[in-house]
Amino acid sequence: MSASTGDARPRVLLVEDEPSLVMTLSDRLASEGYDVESAPDGEAGERLALEKSFDLIVLDVALPKKSGFDVCRDLRQKRVTTPVLMLTARSQVVDRVVGLKLGADDYLTKPFETIELLARIEALLRRQRGASGGSAGTWSSKELRVDFRRAEVTRGGEPVDLSSLEFKLLRYFIEHRGAVLSRSELLENVWGYESMPYTRTVDVHVASLRQKIEASPAKPERIVTVHRMGYRFQG
């Protein structure tokens, strides 16, 4: 489960095996008003995430004892819904997609600027706080059905496992179906990045969402690319 932020200091679990990075990030996050706890390997990180409540987990991919991918997958299987921001030194899109499919909410490639990490963390926490608002009722088209109140998606009667970010992205597409949505608009309204230029983030998440809701992800019929402009949801 995830913690409730309320008026308390947001609690962040940092799972990272580089001592210098742990010290740097812990000090900076603490100075920004976060309560930080760290773990040096995947097994210890997963144990802390299961035993305690956090508002956010910053999870490195390359960890001793258990990889970040495995930790993220197992936490989601155990119904831990805390937002996960993955850190990876890998630049290939396929590695990012793997993390998203396993339930991560966002990723950041090393090396990164601390200010960018802080922006990602703040956006994830804003999204988490606003998640209970949502949209009322349900929406369905052909074999796809979305229950906004319960945050549940089914395709052909079978449940579709979406991360909280994927669900918010799908909801935004549905609420603006038929309109051409630019990457900057999606970043601002779904990620909360205020038009910061992380356009590949949008493309990677759209690719992951297509894998889950399209009959043929290579030839999408719902989320259509509009050349040089963005995406349009056709239902």
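As a summary of the residue check, residue 22 satisfies the conditions (1) within 24 Å of residue 202 (Cβ to Cβ); (2) of a type outside the set (Asp, Glu); (3) outside any loop (DSSP other than H, G, I, E, B) except for the one numbered (1).
Can residue 133 be described as at pLDDT below 75 and on the phi > 0 side of the Ramachandran plot? Criteria not met by residue 133. Close contacts from the stretch 146-166, counting a first residue that is part of a loop (DSSP other than H, G, I, E, B) and a second that is at pLDDT 85 or above and exposed (fewer than 14 other Cβ atoms within 10 Å of the Cβ), with Cβ to Cβ under 7 Å and a gap of 6+ residues or different chains, come to 156/143.
Listed residues 207, 218; which is outside any helix (DSSP H, G or I), at pLDDT 90 or above and not acidic (Asp, Glu)? Give the steps one after another, and end with the answer.
Values: 207 fails: outside any helix (DSSP H, G or I).
Within the list 207, 218, the selection yields 218.
Of all residues in the stretch 66-80 being closer than 21 Å to residue 150 by Cβ and out of contact with any Leu (no Cβ under 9 Å at 6 or more places or on another chain), which is surrounded by the most Cβ atoms within 10 Å (Cβ to Cβ)? Within the stretch 66-80, the match that is surrounded by the most Cβ atoms within 10 Å (Cβ to Cβ) is 77. Taking residues in the stretch 78-95 that are under 16 Å from residue 110 (Cα atoms), and partners anywhere that are modelled with pLDDT under 80 and of a type in the set (Gly, Ala, Ser), the pairs with Cβ atoms closer than 8 Å and at least 6 places apart or on different chains are 86/99; 88/99.
Give the stretch 50-65 a look and list any residue that's under 15 Å from residue 18 (Cα atoms) and surrounded by fewer than 22 Cβ atoms within 10 Å (Cβ to Cβ), or say none.
We begin by selecting, within the stretch 50-65, every residue under 15 Å from residue 18 (Cα atoms); these are 58-65.
Across the stretch 50-65, the qualifying residues are 62, 64, 65.
Could you grab me the full set of residues in the stretch 153-167 that are surrounded by fewer than 18 Cβ atoms within 10 Å (Cβ to Cβ) and either of a type in the set (Ser, Thr, Tyr) or in contact with a helix residue (DSSP H, G or I) (Cβ under 7 Å, 6 or more places away or on another chain) (or both)?
154, 155 - these are the residues of the stretch 153-167 that are surrounded by fewer than 18 Cβ atoms within 10 Å (Cβ to Cβ) and either of a type in the set (Ser, Thr, Tyr) or in contact with a helix residue (DSSP H, G or I) (Cβ under 7 Å, 6 or more places away or on another chain) (or both).
Residue count for the stretch 167-180 satisfying the condition of being farther than 15 Å from residue 212 by Cβ and in contact (Cβ under 8 Å) with a residue 40 or more places away in the chain: 6.
Of the residues in the stretch 55-67, how many are not in a loop (DSSP other than H, G, I, E, B) and not hydrophobic (A, V, I, L, M, F, W, C)?
Residues of the stretch 55-67 that are not in a loop (DSSP other than H, G, I, E, B), as a first pass: 56-60.
Subset that is not hydrophobic (A, V, I, L, M, F, W, C): 60.
Residues flagged as not in a loop (DSSP other than H, G, I, E, B) and not hydrophobic (A, V, I, L, M, F, W, C) within the stretch 55-67 amount to 1.
Collect the residues in the stretch 25-54 that are assigned to a helix (DSSP H, G or I), in contact with a Lys or Arg (Cβ under 9 Å, 6 or more places away or on another chain) and acidic (Asp, Glu), keeping them in residue-number order. Passing the criteria: 43, 46.
The values are calculated or read from the model by the stated rules, or taken from the named source; none is laboratory data. As the structure is a computational prediction, the values presented were derived from the model and not from experiment. No Cβ is skipped: glycine too gets one built from the backbone with ideal geometry, and neighbour counts run over all protein chains shown.
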